[in-house]
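Below is one structure; the comments refer to it alone.
The values are calculated or read from the model by the stated rules, or taken from the named source; none is laboratory data. Values in this document were obtained by computation on a predicted structure and should not be read as measured data. Here the Cβ is made from the backbone with ideal geometry for all residues, glycine too, and neighbour counts use every protein chain on show.
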Amino acid sequence: MDSLKLSLVLLLILISKVESYAQPSKDRLKDSLLHQYNSEQNSKKRAQYLLGLCEIEENSSAAVSLAEKAIRFTDSLGLRDENAKANHLSGIAWKKWGDYNKSAARLNTALDYYEKRSMKRDISILKNDIGETLRASNNYNLAFSFLNSALEYFTSTNDSLEIAKTYNRLAATQYEFITKNPEFESFITNVFVNKLSYNEAVSLVPDFKKSVDTLLNYISQAKHYAVCCNSISIIISTDIIYASHLRTTGQTDEAIILFDKIIADINQFGYFTELPLVLYNKSLVYIENINDTPKAIELALEALQLSKKFDIRLYEYLINTVLQRCYITSGDYKNAIAFIKNNEELSKHFVFEELRLKLLLEQMDYQFAKRETELKNRSLRLAMLLGFFAFILLFSFIATITVSRKNRKLKSLLDELNTKNNIISKQTDELKDAVASKDKFFSIIAHDLMGPFGAVKGLTELLIDNINDKNMKGVEECASVILKSSQKSMELITNLLTWARSQIGRMEFNPKILNLNSTLKESLMVLNESANNKNIELINNIKDDTTVFADKDMLDIIFRNLVTNSIKFTNQGGEVVVWDSIRNNKVLISVKDTGIGIPEVMLKEIFSLNSMTGRPGTNNEYSTGLGLILCKEFVEKNGGEIFVESTEGNGSTFHFTLPYKQIYERIERQKN
């Protein structure tokens, strides 16, 4: 079920593609507009041709560059209508690029201008695009507000095409909203775990059924109006949303049939660049819903071949990911590692592509300034007809200004180049760290995780032999060891998955005011058995009224890992004490044990991946050190810091800080 949730995120990329569908070929139109832009002398017409190029450009990097150039060009000419349009197109381009903050800023600039001029249709089209940006950034309630406002206007003007687009975006937003609600979790459990039919599962979750009915209504309306205005692109996009809904709700046969129809439509109408991602999503049906790994591999390899043909590297990255999973599932680790390495190379490409875009924008600024200078020089040459002396004086003045400006610009560019070089160097180091983290992750899987599983396998075989021989001697002991090995494996897997989710940004962060004592009590409840097995007393000295501002799930993981660590390295009959105090307007939480302490050589890097040495506990308990890595990441994520005091042989005390409730209240007062 966790893998299903992962695939949902990837499906959403395809659902958001309605605006990317266009007529199969735009090369002639692009060439025509580019020629007119370069040859036109009238500045306003040149601005309009530039805006036309922005509208038809499909490559997100190029679209951002053109739109930002249009903003600067129209602003320098004082063309306000065109400047608002350029901001609108820039907002759309930045959304496609993935920078939702810049997208929202540009779209709001355009909206302010449209509202001042009471341009109702432009306002409604813009609200549609703002709603799409809000959807992409998971702000669903606000997205619904903008989209419904746009729908109200388009309905009043009977604009079928814009109504179809708006219902399509409402359907995409509703689909994402459904998959991230608690009711969806209950439904998925009933379908995939309890093996209920779709109708049975829906009937058990009334709120989920209402949400699904709303989604189906949006889909129906979008297709109705798309048919009215003969918009094939919107029909295909809406079918994709419905196919995604069918797949994620376990209606597998219907999903496959609809994906096949979508593929046929794409081939018929020529939207070939979208075919790789549709095939990719169809492969997910086979690996997630049907568990047909060979078929999933076949579809994914076809999608990968097309992605390379069209040079769509984001699709390559996603398809490589599903192929990794397929080959790991089938036990073909050689191919799995090959696709992991492919994605490492693609990740480097994405990093340098972002840097290239930033450098391109800087170069564009410089070229635009240079273009302005050339236009001024052309005007000055014409002014030479007014008189020789006036020309000499004016030329000398402009030459001085130009040289000074170029020198300043050159110095600024050199400084910026050094800054960019430093950024590249830093990101290269970060990439090396990421590769090292990946290597450590696989080292744990290959060594630390296989150990307990090997023990379970060997003891299970011995247990079966004893049972077959009707020799009950040692059976209970073997079962006990198997249980302990399984618990060790589960603990490691839990920490590995939590760490992996935090590394790829999949772990939600929802800080709120928490009672620290109650939170600790809940965490200690699951640790009492481990402590009792070693006759270790767990003491909660947190004050009853202490509150903090933090994410509850992350705080639970911090408590459980620190206390578990103390139990592992404390001898029989020891104790673990947790208490709190106030330090620099933050709550300082301390976890102290009477254990064996930590060698000085390990203290410096105890919160680093390099320190994960797997030191055994006092009863030879299994330990990798990954729990402390998670503690450090989650403490810092919550605005705190963590450190340790220990002397070998005299126990250890781990300290970490969290924001105090008063800080949150002060922020709220400032907002009001």
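A few comments on the model shown:
- Apart from one condition, Tyr280 fits all of (1) among the hydroxyl-bearing types (Ser, Thr, Tyr); (2) touching a Leu at 6+ places or on another chain (Cβ under 7 Å); (3) modelled with pLDDT of 90 or more; the exception is (3).
- Complete set of residues in the range 333-346 that are under 15 Å from Leu301 (Cα atoms) and free of Cβ contacts under 8 Å to residues at least 12 places away in the same chain: Ala338
- Within the range 531-545, the set of residues being of a type in the set (Lys, Arg) and either more than 16 Å from Gly617 (Cβ to Cβ) or under 42 Å from the mean Cα position of the chain (by Cα) (or both) comprises just one member, Lys543.
- Qualifying positions in the range 59-109 - among the small types (Gly, Ala, Ser) and surrounded by 24 or more Cβ atoms within 10 Å (Cβ to Cβ): Ala67, Ala70, Ala86, Ser90, Gly91, Ala93, Ser103
- Per the listing Val601, Val548, Val587, Val578, the residue uniquely β-branched (Val, Ile, Thr) and either without any contact (Cβ under 8 Å) to a residue 12 or more places away in the chain or not assigned by TED's automatic domain parsing to the domain that holds Lys521 (or both) is Val601.
- Qualifying residue in the range 162-171 (condition: crowded, with 16+ Cβ neighbours inside 10 Å, over 20 Å from Ser244 (Cα atoms) and in contact with a Lys or Arg (Cβ under 9 Å, 6 or more places away or on another chain)): yes
- When residues in the range 621-657 are screened for being touching a residue at least 40 places away in the same chain (Cβ under 8 Å) and touching a His at 6+ places or on another chain (Cβ under 8 Å), 1 of them pass.
- Pairs with Cβ under 6 Å, 6+ apart, first in the range 81-103 and within 22 Å of Lys44 (Cα to Cα), second at pLDDT 85 or above and of a type in the set (S, T, N, Q): Glu82/Thr74; Asn83/Thr74; Ala86/Thr74; Asn87/Thr109; Gly91/Ser103
- Pick from the range 500-525, criterion assigned to a loop (DSSP other than H, G, I, E, B), closer than 18 Å to Lys632 by Cβ and not aliphatic (A, V, I, L, M), ranking: modelled with the lowest pLDDT: Gly505
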